[in-house]
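Notes for the one structure printed next.
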Amino acid sequence: MTINIGVLVSGEGTNLQAIMDSVESGKINNATVSVVVSNKPDAPALKRAEKHGVDAVYIDPTDYKGRRWDYDQLTLKALREHGVTSEEGLVVNAGYMRILSPEFVKKFWMREMNIHPSLLPSFPGLDAPKQALDYGVKVTGCTVHFVDEGVDTGPVILQEALPILENDTVETLTTRIHEVEHRLYPEAVRLFTEKKLVVEGRRVKVLL
Ligand code: GRF
């Protein structure tokens, strides 16, 4: 059975691109990107989706300040209309800059992923590469995790470490983290769609 994936975006969409490419090349072979949903009208990710024939939906957040669940219900509707259900679908947050309501998160519990540019639990939240540089750590990386009600706190699916180089700037470090992300995220999606992820409490086991 083909799994319908809905990707939530706000920006550039390079991770979305990596996932669409992996579906097209057959690396992810039993899933399809069915819809891309953005809270930003001008997110380049929307154009990337359209280029690949994927429905791109913008949902205007203006009238929903302080009403996260009301807004999220519109997202749910767009997902459902594209076959991304909480029983059989997968929601992939790829640079989505909104915090989802607990109601939404509960619905897609263990069926929603996020990618974050640090080795969680270090440096959650905004500007993770800058946080790592400012702190002076020698190693950082990126993390794919299931989404729970916190910010970047859900069970870890995959992580990859990256050394911080002496002359790294926020820009160079961010670029190198992105390169890793574009490998790691499609891999996590593949493992999910092949039912190779088993969650035991906070631990996510990867079946070989
Ligand atoms: C990535 O660095 C990801 O880790 C973070 O947001 C960024 C999204 O980049 N959550 P893109 O829109 O996929 O290019």
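The values are calculated or read from the model by the stated rules, or taken from the named source; none is laboratory data. Everything numeric here is computed off the predicted structure, so don't read it as measured data. Please note: Cβ atoms are built from the backbone with ideal geometry, for glycine as well, and neighbour counts cover all protein chains shown. Accessible surface is based on the protein model in full, side chains and every heavy atom, while ligands, DNA and RNA are left aside. Shrake-Rupley method; radii C 1.70, N 1.55, O 1.52, S 1.80 Å.
A few notes on this one:
- When the charge dipole of region 3-206 is built from unit charges on Cβ atoms (+1 for Lys and Arg, -1 for Asp and Glu) and taken about the Cα centre, the candidate among VAL170, PRO124, LEU90 whose Cα reaches farthest toward its positive end is LEU90.
- Virtual paramagnetic centre 7 Å along Cα→Cβ of GLU103, amide N under 11 Å, in region 45-73: 67-73
- In the chain, the DSSP beta bridges split such that about 45 percent are antiparallel, to the nearest 5.
- Rounded to the nearest 0.05, the FRET efficiency derived from the C-beta distance between ASP127 and LYS47 at R0 = 30 Å is 0.75.
- Helix 14-25 axis, angle to the chain major axis (alpha carbon atoms, nearest 10°): 70
- For the chain, the equivalent ellipsoid derived from the alpha-carbon gyration tensor has semi-axes of 25, 20, 18 Å in decreasing order.
- Per-pair calculated FRET efficiency, R0 = 45 Å: THR2 and VAL137 via Cβ, rounded to 0.05: 0.65
- Å² of accessible area per residue within the chain, as computed with a 1.4 Å probe and no ligands counted: 50
- Here the accessible area of the chain is 53 percent carbon and sulfur, with a 1.4 angstrom probe and all protein chains present.
- Charged-residue dipole, Cβ positions (Lys, Arg, Asp, Glu), the chain about Cα centre, Debye nearest 20: 420
- Evaluated over the chain, the count of Lys pairs having alpha-carbon atoms less than 27 Å apart is 29 (only pairs 8 or more residues apart or interchain).
- For VAL170 and THR62, the difference between the fully extended length at 0.36 nm per residue and the C-alpha to C-alpha distance is 35.8 nm.
- Kirkwood-type radius of region 87-140, with distances r between different C-alpha atoms, in Å: 12.8
- Only helical runs count toward this figure. For the chain, summing -39,500 (n - 2.57) over DSSP H runs of n ≥ 4 and dividing by all residues gives -10500 deg cm²/dmol at 222 nm.
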